[in-house]
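Before any comments, here is the structure.
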Amino acid sequence: MHTRRRGRELALKLLYGFDLLPRDIDATLQEFWSLTRYSGGIREFAEQLVRGTLVHKTEIDEFIAKNAINWTIERMTVVDRNILRCAVYELLYEDVIPPKVTINEALDIAKKYSTPKSSAFINGILDHIHHILQKNEDRSSSNDFNNQERGDRHEIASD
């Protein structure tokens with residue numbers, strides 16, 4: 001099993017636990033790692049996902065709720081909402097991971113850990129979110145280009 005897939009699965013398990021019983025992150029992670037034997041790469045990636053997701057949980061939950069039409073975070077199963085949280089964290093804050101990889105990984109994990117219909121549910125939400133982020137990125141790039149172009153024209157005009 002690939003390091004990142006295993007890291008995502010461990011992150012899901014940890015996020016599930018934090019969702020049901022909120023507690024100190026550092027102490028919990030230290031205890032968890034002392035009871036398990038995973039390579040450094042798996043541990044580092046899982047911990048990065050868990051910490052990042054929990055630090056940005058409020059924004060992530062608001063973003064999911066805004067884009068999950070007719071669904072609230074509380075109505076989602078604990079597994080599904082934590083798969084979504086972790087994937088949305090990756091989409092919003094991890095620039096080095098291609099969005100399609102994040103979405104495919106979330107779907108594979110949903111097929112393994114959740115209900116038969118969960119992957120379609122998660123796919124719909126993540127696909128919608130990905131399209132929104134892509135549109136925003138395209139607009140931002142276009143605005144940056146237009147601003148740069150205007151700046152170039154200004155410099156030429158003032159020479």
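Of ALA11, ALA110, ALA120, which is the most mobile in a GNM of the chain whose springs link Cα atoms less than 10 angstrom apart? Judging by the Gaussian network model, the answer is ALA120. With the simple model of a label 7 Å out from the Cα in the direction of the Cβ, TYR16 to ASP108 spans 1.8 nm. Strictly greater than 13 Å: what percent of every Cα pair in region 34-102 meets that? In whole percent, the long-distance tail amounts to 67. Extension gain, HIS128 to ILE69, is 20.2 nm, computed as 0.36 nm per intervening residue step minus the present C-alpha separation.
A 1.4 Å probe over all protein chains sorts ARG51, ARG4, ARG81, ARG75 by accessible area into ARG75, ARG4, ARG51, ARG81, starting with the largest.
Comparing LEU21, LEU107, LEU91 in a Gaussian network model of the chain (Cα springs below 10 Å), the most mobile by mean-square fluctuation is LEU21. Here the simple spin-label model places points 7 Å from the Cα toward Cβ, and for ARG51 and ILE97 these points are separated by 1.5 nm.
A cut-off under 14 angstrom between Cβ atoms defines the neighbours of LEU107, and their net charge, with Lys, Arg +1 and Asp, Glu -1, is 0.
Indicate the gyration tensor shape class of region 1-147 (rounded, prolate or oblate), computed on the Cα atoms with a ≥ b ≥ c the square roots of the eigenvalues: a/c under 1.5 is rounded; otherwise a/b larger than b/c is prolate and the rest oblate. The shape class here is prolate. Counting lysine pairs in the chain whose alpha carbons fall under 27 angstrom apart, excluding pairs fewer than 8 residues apart on the same chain, gives 21. Label positions at ARG23 and GLU62, each projected 7 Å from the Cα along the C-beta direction, are separated by 3.0 nm. A dipole drawn for the chain from +1 and -1 charges on Cβ atoms has a positive end, and of VAL88, ALA27, GLN134 the residue lying farthest that way is ALA27.
The values are calculated or read from the model by the stated rules, or taken from the named source; none is laboratory data. Remember, it's a predicted structure, so these values are computed and weren't measured experimentally. No Cβ is skipped: glycine too gets one built from the backbone with ideal geometry, and neighbour counts run over all protein chains shown. Side chains included, ligands, DNA and RNA excluded: accessible areas come from the protein's heavy atoms. Shrake-Rupley method; radii C 1.70, N 1.55, O 1.52, S 1.80 Å.
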